[in-house]
Amino acid sequence: MDEKLIGLLIAAKKALHSGQSICEQANTLSQDSEEYADAIEKSWPRMVFVHNHILVQLSALNRIREYLLMKIQIKRDNLKDRESTFGKVSFELQEIFGTLRKTNIDPHILRLNHPTVHLQQEERSTLFDYIQDQAVLELQQLADDEIGKAEVLCNSLELIEKNLSTKINELASMLEAAVSISLDDTTASFVNAKTQFQEGEMAAMADILNSLTNHYDQLGEALRLWRSNLDTRQHLDISVLQEDHDRLPDIVEDLRDSFDVVKSVKEELLVRLRVQQTVHGDLLNVLDQLETVNVTGGLAELIVDRLTHVEVETAEHETNMDLYFDQLMSLTEWYNQFIHSYHHLIVEVERRQQVAEDQAKWRQEIMRALEKSHQEEIQKRKDWVAEHGQFLPEDLCAFIFVQPVKLSVHPDRQLLSLGESADMKASGDIKG
């Protein structure tokens with residue numbers, strides 16, 4: 001019995017020493033887990049703050065991008081309206097020019113303007129020859145140049161917007177790649193669950209170690225009683241101790257399993273901490289990239305400067321375009337009125353020709369009446385002189401022998417120009 005108790009005691013001591021070693025290692029792992037859990041809980045809010053700050057900055061950049069798109073759309077619409085206006089007025093001018101080219105000057109009007117030039121020698125034979133089309137073309141070119149300049153400015157804004165969109169997409173991709181874990185409240189739950197689970201295992205291991213200690217103490221007490229009191233030996237029952245001894249390998253194995261659990265929790269927390277540290281570092285890298293947008297000379301400053309420049313320059317070009325369009329539309333109205341007035345000119349020439357012919361007829365009648373009156377007066381004077389003149393001394397009434405005044409009607413220059421054929425015909429009638 002003595003040897004058996006000693007063997008059981010040695011086995012119990014060995015199991016106790018193994019349990020104590022395992023528990024000490026587990027305790028070290030538990031302390032490491034506490035440090036990791038504390039680091040995780042401290043770094044998590046900082047990581048979330050950086051992540052949320054990045055989201056706010058990306059949202060601000062997206063709003064700037066949307067503002068740029070709105071400005072670009074407004075300028076595109078304004079430019080489209082002005083291009084439409086320019087196209088319409090240019091088309092109207094071409095139509096008018098075509099009409100002017102097809103409208104030949106009435107030959108009679110050409111003769112009236114240049115009576116000494118043969119019609120075949122007249123260089124200006126259509127209404128188009130009487131306008132300054134080159135000045136219109138130059139005005140159209142100026143308007144088209146302003147449209148082109150406005151187009152270039154609009155394109156520069158679109159390029160800035162594309163660069164901003166590319167930057168936003170790059171940052172969003174970097175952010176998505178950086179955040180490899182969830183940033184919601186499950187992180188705190190994860191840490192609490194793992195630490196509580198580990199604490200439970202550590203408590204179980206402590207209970208097992210305590211039972212190993214009690215088993216060792218009980219065997220030591222049984223050995224002491226066996227050796228010290230011979231009367232009690234026959235009453236000493238070690239069956240329970242034997243059963244505990246038989247369970248020692250399973251108990252130590254349970255300790256090792258719990259140790260593995262504690263170690264696994266520690267490794268999970270370490271992995272989680274390293275992942276968070278990596279995520280935090282990647283987020284800081286994204287934040288650094290964001291800061292490059294806002295630094296002096298960065299994309300944000302470039303956007304502000306370019307937008308200000310485009311606003312000022314576009315307003316100037318739009319003002320110039322409106323001025324040129326007004327001038328072109330005024331010319332369109334003027335050329336339309338020119339064609340309209342030319343047709344009235346033909347009517348007016350015909351009217352004046354008719355007036356000239358009427359005046360020529362009246363002149364013929366007046367000249368016939370004057371001639372008749374003049375001849376009658378001559379005859380009357382001849383008759384009077386024949387009856388009384390021989391009896392009167394000439395120095396008494398020399399005036400009485402003077403011939404009567406002969407009156408005549410002469411057209412002015414304009415009347416001759418418009419009614420030359422009628423006047424010449426009238427003169428011929430009188431002479432005849």
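The values are calculated or read from the model by the stated rules, or taken from the named source; none is laboratory data. Computed from a predicted structure; not experimentally measured. Cβ placement follows ideal geometry from the backbone for every residue including glycine, while neighbour counts extend to all protein chains displayed.
A single member of 16, 61, 9, 29 is over 30 Å from residue 257 (Cβ atoms) and of a type in the set (A, V, I, L, M), and it is 61. When residue 255 is tested against (1) at pLDDT below 85; (2) assigned to a helix (DSSP H, G or I), only condition (1) is not met.
Within the span defined as the range 282-300, one or more residues are in contact (Cβ under 8 Å) with a residue 40 or more places away in the chain, assigned by TED's automatic domain parsing to the domain that holds residue 61 and either within 29 Å of residue 79 (Cα to Cα) or not in a helix (DSSP H, G or I) (or both). When the range 56-83 is limited to residues that are charged (D, E, K, R) and under 15 Å from residue 299 (Cα atoms), the one that is surrounded by the fewest Cβ atoms within 10 Å (Cβ to Cβ) turns out to be 63.
For the residues 382, 372, 361, the requirement of being touching a residue at least 60 places away in the same chain (Cβ under 8 Å), part of a helix (DSSP H, G or I) and charged (D, E, K, R) singles out 361. Take the conditions under 18 Å from the mean Cα position of the chain (by Cα) and within 24 Å of residue 78 (Cα to Cα) and apply them to residue 322. Does it pass? In short, no. For the range 211-225, filtered to residues that are at pLDDT 80 or above and of a type in the set (Ser, Thr, Tyr), the residue that is nearest to residue 11 (Cα to Cα) is 213.
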